[in-house]
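Since the structure comes first, as structure tokens, the remarks are kept for the end.
Each reported figure results from applying straightforward, stated rules to the coordinates on display, with no laboratory input. Because the structure is predicted, anything quoted here is derived from the model rather than measured. Reconstructed Cβ throughout: ideal geometry from the backbone, glycine too, with neighbour counts over all protein chains shown.
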Ligand SMILES: [Zn+2]
């Protein structure tokens, strides 16, 4: 059986937390690795409470506001130039974005995703209550003062809302809370999704939304990918 290798979650140097590696360099590396398709997914965070912290992108080494849309012209131009250079190669290059969902920011998300020709819009929950649960530094502030039930409610209510917006093609690392939360709640965290994720998967299936298998957890020493095998099995039902 032949398999097609792709990577649909790449943060080029436009993401403020990414390595200073250009789009073209990723394309060369993807060719070397025998990938047939890649998609760039620069981070876009629009929560106004976190404006100073992460409503930012990097353009030519400078931090600029994500609301200053000039960065998108530069981003698309660079991707188009890469697509031109790699024409005739086995590599296909796509333009995407990873939007950190924040309730109430739907209009701003629409302004980004509906006004530019994105091939792929990945949606993620990186923050709950304006605190980055994806961050080793920030996440203790969120988890230390909440019960497991509160976390479950916060996360899955937000996830349900996010799916209902219909703004996203795919959900990124759907059990991201497992990255740092197990330090506070132990193995129980593995069951957090039970009974709440099933209706969300049903709606995703109706909408034709994808579910990302994110392997970055291995880099961080976790055993499972995001999401866990148990969650993937539920998504298949
Ligand atoms: Zn993410």
Exercise. Considering the Cα trace of segment 104-237, what is its radius of gyration and what is Dmax, both in angstroms?
Worked result: 14.7, 43
Problem set entry | Directionally averaged shadow of segment 158-237, computed from the convex hull of its alpha-carbon atoms, nm² | 5.2 nm²
Problem set entry | Debye equation applied to the C-alpha atoms of segment 6-58, log10 I(q)/I(0) at 0.17, 0.18 Å⁻¹ | -0.56, -0.60
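As an exercise, use a Förster radius of 30 Å and the Cβ-Cβ distance of residue 81 and residue 184 to find the FRET efficiency, rounded to the nearest 0.05.
Here the calculated transfer efficiency is 0.10.
Can you put 87, 24 in order of Cβ neighbours within 10 angstrom, beginning with the fewest?
Numbers: 87 9, 24 16.
Neighbour counts put them in this order, fewest first: 87, 24.
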Seminar exercise, completed: The helix 70-85 Cα axis meets the longest alpha-carbon principal axis of the chain at an angle in degrees, between 0 and 90 and rounded to 10, of 60 degrees
Exercise. At q = 0.11, 0.12, 0.18, 0.21 Å⁻¹, what log₁₀ I(q)/I(0) does a Debye calculation on the Cα points of segment 82-144 give, no solvent, two decimals?
Worked result: -0.42, -0.48, -0.77, -0.87
For this session: For the chain, just the Cα atoms, rotate onto the principal axes and tell me the three extents in Å, largest first.
Result: 51, 48, 34
Exercise. How far is helix 197-207 tilted, in degrees, relative to the longest principal axis of the Cα atoms in the chain, given as a value from 0 to 90 rounded to the nearest 10?
Worked result: 40 degrees
Problem set entry | For q = 0.14, 0.20, 0.21 Å⁻¹, Debye-computed log10 I/I(0) when each Cα of segment 1-136 counts as one equal scatterer | -0.64, -1.19, -1.29
Problem set entry | Relative contact order %, the chain, counting alpha carbon pairs below 8 Å whose residues are six or more apart | 14 percent
Problem set entry | In nm, spacing of pseudo-spin labels at residue 31 and residue 6 (7 Å Cα→C-beta vector) | 2.1 nm
Exercise. With springs only between Cα atoms under 10 Å, which of 103, 12, 187 fluctuates most in a Gaussian network model of the chain?
Worked result: 187
Problem set entry | Per-selection Rg to Rh, segment 112-162 - Cα, Kirkwood hydrodynamic radius | 1.10
Exercise. Where does helix 23-32 land angle-wise versus the long Cα axis of the chain, in degrees 0 to 90, nearest 10?
Worked result: 90 degrees
